[in-house]
1. For the range 160-167, in order, what is each residue's ³J(HN,Hα) by Karplus, 6.51 cos²θ - 1.76 cosθ + 1.60 with θ = phi - 60°, in whole Hz (x at glycine and Pro)?
2. Could you list TYR24, TYR31 so that the one with the fewest beta carbons within 10 Å of its beta carbon is first and the one with the most is last?
3. Considering amide H positions built from the backbone, and no H for Pro or chain starts, which residues 5 or more places from SER64, or on another chain, come under 5 Å of its amide H?
4. Roughly speaking, what is the stretch gain from SER159 to ASP58, that is 0.36 nm per residue apart minus the C-alpha to C-alpha distance, in nm to one decimal?
5. Mind scanning LYS26/LYS67; LYS72/LYS128; LYS38/LYS158; LYS82/LYS128; LYS128/LYS158 and naming the pairs with a C-alpha gap bigger than 22 Å?
Amino acid sequence: MEEDSLKHLSQVGKFEIEHLVRKYWKDVWNYSYVLTQKHDIADDIAQETFIRAFRSLDSFRSESTVKTWLLKIARNATINYKRSAFFRKMVLMDYVQNNFSSPSAEKNYFDGRFADRIWELVMRLPLKQREVLLLNAHYQMSLADIADLLVLPEGTVKSRLHRARMKLDEWLKEE
């Protein structure tokens, strides 16, 4: 009987793992990319995030959303990675490329150029501002959830978000 329950438990675990990866891989990878600005490193960190999450799946206490929990793991994995000597030797130079499909080639070209330019500007922001802007704008997280994820006071998050938006406005007006 115990062997049957172990098989059932492993099937449930496998389903949960597959479900989490399918649902949150893109979010975790994108967040990791914004923090590192390198595709291959984001791949490694996303993998590491899910490995860590699966190892501690039974300890998830539902004090936050699953996405917030996974992003927190990704952030910690990124911090650990950045502390390594290997990361310090690397040169970060890739930018996010967004592919938009649209009815006309002209619209596609201008939409793509604008999106590329916005991402280029976002990537120029200091990491602390870039991070809160991404969490708020892309992941649509509340200030409270961002504060919880980053272990910061909500006022600090609000201030960083405001500064990020102001800096982007300033840069866009200069163009």
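1. 5, 5, 4, 4, 5, 5, 5, 5
2. Final ranking by Cβ density, sparse to dense: TYR24, TYR31.
3. Under 5 Å from the amide H of SER64 lies no amide H from a residue far enough along the sequence or on another chain.
4. Length difference between fully extended and current span is 32.8 nm.
5. LYS38/LYS158
Only the coordinates and a few stated rules stand behind these numbers; no lab work does. Nothing here was measured: the structure is a model prediction, and the numbers come from that model. Reconstructed Cβ throughout: ideal geometry from the backbone, glycine too, with neighbour counts over all protein chains shown.
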